[in-house]
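Worksheet: the structure to be examined is printed underneath.
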Amino acid sequence: METKIENKTRFDNAFLLFDAANSEDPSHEVINGLPTPKALIYSQRMSEMLTRFAPNATEAVQLAARCQHIRRWESPRNSYPMDMTGYKKWRTDLQKFHAETAGQILREVGYEEDFIVCVQSLLRKESLKQNPETQLLEDVIALVFLEHYLTEFVAQHAEYDEAKWIDILQKTWRKMSPQGHEAALKLIKLPEALVPLILKAVG
């Protein structure tokens, strides 16, 4: 059954404004020979993965997936202390920032406040493991990371030993649902060189 979107124009306009915001990312990745803003690529990958994993996702989840990292470059990791406390503060502040930024756009295109609050709750990852929609968004985030960003992340942290990588992968795995686990092993294209490590981490 196809997901019912109450106001397609409003929905499409939200996507257009999310993409316009993410197109301002000064960092680029070459896609099909063309430099493309990284934040825009990420948002498109989130939507594509959501379509593959949960094609009947609600309108709120579709919107949250598209703006999950909206304008993230404005709050770089190195603007916070480079320790675990700083990392947790950065992540919490980012979720609030994404929620506020998305909320402004959703109001601009005409969404009601109750609906906006719902999308913002998803972006803040509230009630993970209890709210099926929050869990779905978290699964998609993890699947996009494993398929598109794990190889780069490993290359950036060559100082980590195998035990550290197993710990990172197990933490990612614990955030996912059983359906997310199944998709990670069957639906997505895992980086071939890292498959043995991934399988070792998840048992």
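The values are calculated or read from the model by the stated rules, or taken from the named source; none is laboratory data. Everything numeric in this text was worked out from a predicted model, so none of it was measured. In this analysis, Cβ positions are derived from the backbone assuming ideal geometry, glycine residues included, and neighbour counts consider all displayed protein chains.
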Name the single residue, out of those in segment 1-25 being surrounded by fewer than 17 Cβ atoms within 10 Å (Cβ to Cβ) and in contact with a strand residue (DSSP E or B) (Cβ under 8 Å, 6 or more places away or on another chain), that is nearest to CYS67 (Cα to Cα). SER23
Considering residues of segment 154-176 that are surrounded by fewer than 14 Cβ atoms within 10 Å (Cβ to Cβ) and among the hydrophobic types (A, V, I, L, M, F, W, C) only, the residue modelled with the highest pLDDT: ALA163
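Test TRP90 against the stated conditions and say whether it is surrounded by fewer than 17 Cβ atoms within 10 Å (Cβ to Cβ), in contact with a helix residue (DSSP H, G or I) (Cβ under 7 Å, 6 or more places away or on another chain) and either in contact (Cβ under 8 Å) with a residue 12 or more places away in the chain or at negative phi (or both). Break it down stepwise before answering.
On the way: surrounded by fewer than 17 Cβ atoms within 10 Å (Cβ to Cβ): no; in contact with a helix residue (DSSP H, G or I) (Cβ under 7 Å, 6 or more places away or on another chain): yes; either in contact (Cβ under 8 Å) with a residue 12 or more places away in the chain or at negative phi (or both): yes.
Criteria not met by TRP90.
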So the check is Cβ under 7 Å with 6+ separation or different chains; which pairs have a first residue in segment 147-165 that's free of Cβ contacts under 8 Å to residues at least 60 places away in the same chain and a second one that's surrounded by 11 or more Cβ atoms within 10 Å (Cβ to Cβ) and assigned to a loop (DSSP other than H, G, I, E, B)? LEU150/PRO191; THR151/PRO191
Would you confirm whether or not segment 99-116 contains a residue that is modelled with pLDDT of 95 or more and of a type in the set (S, T, N, Q)? yes
Looking only at segment 76-97, and only at residues there that are under 16 Å from the mean Cα position of the chain (by Cα) and among the polar types (S, T, N, Q), the one that is farthest from ALA14 (Cα to Cα): THR92
Do we have any residue at all in segment 156-172 that's closer than 21 Å to SER47 by Cα and out of contact with any strand residue (DSSP E or B) (no Cβ under 6 Å at 6 or more places or on another chain)? yes
When segment 103-136 is checked residue by residue, the ones that are under 19 Å from the mean Cα position of the chain (by Cα), crowded, with 17+ Cβ neighbours inside 10 Å and of a type in the set (Ser, Thr, Tyr) are SER121, THR134
Could you please tell me which pairs satisfy a Cβ distance under 6 Å, a separation of 6+ or placement on different chains, a first residue in segment 15-43 that is of a type in the set (Phe, Trp, Tyr), and a second residue that is at pLDDT 95 or above and part of a helix (DSSP H, G or I)? PHE15/ARG66; PHE18/ARG66
In segment 168-196, what count of residues is obtained for those that are farther than 22 Å from VAL140 by Cβ and in contact (Cβ under 8 Å) with a residue 24 or more places away in the chain? 1
